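A.B. asks: Before anything else, here's the structure in question.
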Amino acid sequence: MNDFTHVTDWVFDLDNTLYPPSARLFDQIEVKMTEYVMRTAGVDRGRADHLRNHYWQLYGTTLAGLMHEHDVDPLPYLVEVHDITLDHLAPDLALRDAIRALPGQRIVYTNGSGPYAERVLHARGLDGLFDAIYGVEHADFHPKPRMEAFNTVFAKAGITPSKGAMFEDDPRNLAVPYDQGMRTVLVAPSPSQPAPHIHHHTDDLAGFLTQLAQGRFDPA
């Protein structure tokens, strides 16, 4: 618990963090992303799928790549690719209770859109828990892991990184928060390769947060 006694700002990623990867929402989103790339770049599905992944690797998100390479308007893109079914999501009362017990400010910060995040939180029974929800649009369309993305959102939220903790499923999105002085937690089924910018790993976010709230967290 000593690792987190100073934390007053709790920042949570959305996809594969506040719901389990087994829900496979990104399977739906990636299909829509690929179809968008097909239309925009005028390429077949195989090439579009390659470009989608290439843009994600190079720019942080497929959207950032499309904006940089094809001058895409981000708002219609965000509406289209997040128009998916959430039937695979179920409320998580244990996670709700664990988040509600955290002291201080709690926010969601996603590379998806704010309206999509609100839908997901509702489906998970987590709506009403967070002080604010920030999508990529609130970061002026700069995606994580870019420093300007974090700086923009943290400034809007009034977050002091040295008093913050970041929960993410993508290891690269923890590097900037770590450099800024935040506690970092990788939420994923398996640990990544050891990296200095990842303080902790958990495959059970509700359990991890419950231990924090109960004051018996073992930082080993």
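The values are calculated or read from the model by the stated rules, or taken from the named source; none is laboratory data. Bear in mind that the values here come from a model prediction, so they are computed numbers and not experimental data. Using ideal geometry, Cβ is built from the backbone for each residue, glycine included, and neighbour counts are taken over all protein chains shown. The accessibility values were calculated without ligands, DNA or RNA, using every heavy atom of the protein model including side chains. Shrake-Rupley method; radii C 1.70, N 1.55, O 1.52, S 1.80 Å.
A.B. asks: Given points 7 Å out from each Cα along the Cα-Cβ axis, report the Ser192 to Asp127 separation in nanometres with one decimal.
C.D. replies: About 3.2 nm separates the two model spin labels.
A.B. asks: What is the distance, in nm, between label points placed 7 Å from the Cα along the Cα-to-Cβ direction at Phe26 and at Glu148?
C.D. replies: Taking the two extended label points, one gets 2.5 nm.
A.B. asks: While we're on this one: Taking K and R as +1 and D and E as -1, what net charge do the other residues with C-beta under 12 Å from the C-beta of Asn111 add up to?
C.D. replies: Values: positive: Lys144, Arg146, Arg172; negative: Asp13, Asp15, Glu137, Glu168, Asp169, Asp170.
Summing Lys and Arg as +1 and Asp and Glu as -1 gives -3.
A.B. asks: Given the convex hull over the Cα atoms of the range 1-118, what projected area results after averaging over all orientations, in nm²?
C.D. replies: On the way: hull surface 35.9 nm².
The number I arrive at for the range 1-118 is 9.0 nm².
A.B. asks: Now for a separate question. Enter the accessible area per residue of the range 39-133 (Å², integer; probe 1.4 Å; all protein chains in place). Walk me through the numbers before you get to the answer.
C.D. replies: Values: 4740 Å² over 95 residues.
It amounts to 50 Å² per residue over the range 39-133.
A.B. asks: Still on this model: Measuring from a point 7 Å past the Cα of Glu118 along Cα-to-C-beta, which residues in the range 7-42 have an amide N at less than 18 Å?
C.D. replies: Label zone hits: 14-15.
A.B. asks: If you don't mind, another one. Report the paramagnetic label zone for Glu80: residues of the range 46-64 whose backbone N is under 19 Å from a point 7 Å from Cα along the Cα-to-Cβ axis.
C.D. replies: Output list for this probe position: 46-56, 61-64.
A.B. asks: Tell me the mean residue ellipticity at 222 nm calculated for the chain from its helices only (DSSP H runs of n ≥ 4, each -39500 (n - 2.57), averaged over every residue, nearest 500). Write out the running numbers ahead of the final one.
C.D. replies: Details: 9 runs with 92 residues, N = 220.
Calculated mean residue ellipticity at 222 nm is -12500 deg cm²/dmol.
A.B. asks: Over the Cα atoms of the range 121-176, what Rg and Dmax result, in angstrom?
C.D. replies: Cα only, the range 121-176: 12.0, 32 Å (Rg, Dmax).
A.B. asks: Give me, ordered by chain and number, the residues 5 or more places off His201 or on other chains with an amide H under 5 Å from its own placed amide H.
C.D. replies: Leu186
A.B. asks: Oh, and also: Quick one: Cα centre-to-centre distance for the range 155-201 and the range 41-111, in angstrom?
C.D. replies: 18 Å
A.B. asks: From the phi of every residue in the range 47-60, what ³J(HN,Hα) in whole Hz does the Karplus formula 6.51 cos²θ - 1.76 cosθ + 1.60 yield, where θ is phi - 60° and glycine or proline is x?
C.D. replies: 5, 5, 5, 5, 5, 4, 5, 4, 5, 4, 5, 7, 10, x
A.B. asks: May I ask you to evaluate 6.51 cos²θ - 1.76 cosθ + 1.60, the Karplus curve with θ = phi - 60°, for each residue of the range 177-185 and list the ³J(HN,Hα) values in order in whole Hz, giving x for glycine and proline?
C.D. replies: For the range 177-185, the Karplus curve yields x, 4, 4, 8, x, 7, 6, 10, 10 Hz.
A.B. asks: Lys156 label point, 7 Å along Cα→Cβ, cut-off 17 Å on backbone N: hits in the range 81-121?
C.D. replies: Under 17 Å, as judged by backbone N against the label point of Lys156, lie 106-119 of the range 81-121.
A.B. asks: Plugging the Kirkwood radius over Cα pairs into Stokes-Einstein for the chain, at a temperature of 4 °C and a viscosity of 1.567 mPa s, what D comes out in µm²/s? Spell out each step's value before the answer.
C.D. replies: Working: Rh = 17.8 Å.
The calculation lands on 73 µm²/s.
A.B. asks: Moving on to the next point. What does the net charge come to around Leu174 if you take all other residues with beta carbon closer than 11 Å to its beta carbon, with K and R at +1 and D and E at -1? Intermediate values should be presented prior to the final figure.
C.D. replies: Working: positive: Lys144, Arg172, Arg183; negative: Asp13, Glu168, Asp169, Asp170, Asp179.
Charge balance near Leu174 sits at -2.
A.B. asks: Take Val43 and Glu69, extend 7 Å from each Cα along the Cα→Cβ direction, and tell me the distance between the two endpoints in nm.
C.D. replies: Result for the modelled spin labels: 0.5 nm.
A.B. asks: Same structure, new question: Could you give each residue of the range 11-17 its phi-based ³J(HN,Hα) in whole Hz, using Karplus coefficients 6.51, -1.76, 1.60 with θ = phi - 60°, and x for Gly or Pro?
C.D. replies: 10, 10, 5, 9, 5, 6, 10
A.B. asks: Roughly speaking, to the nearest percent, how much of the range 19-158's 1.4 Å accessible area is carbon and sulfur?
C.D. replies: The nonpolar share, carbon plus sulfur, comes to 52 percent.
A.B. asks: So, one more: Any chance you could give the angle, 0 to 90 degrees and rounded to 10, that helix 25-41 forms with the longest Cα principal axis of the chain?
C.D. replies: 30 degrees
A.B. asks: More than 27 Å apart: what percent of Cα pairs in the range 93-220 qualify?
C.D. replies: Numbers: 1105 of 8128 pairs.
Cα-Cα pairs of the range 93-220 separated by over 27 Å account for 14 percent.
A.B. asks: Within the chain, what is the longest stretch that has no trypsin sites (Lys or Arg not before Pro) placed in a DSSP loop and near at most 14 other beta-carbon atoms within 10 Å? All intermediate terms of the calculation are to be shown ahead of the outcome.
C.D. replies: Details: sites that count: Arg24, Arg216.
After excluding every exposed loop site, the longest remaining stretch is 25-215.
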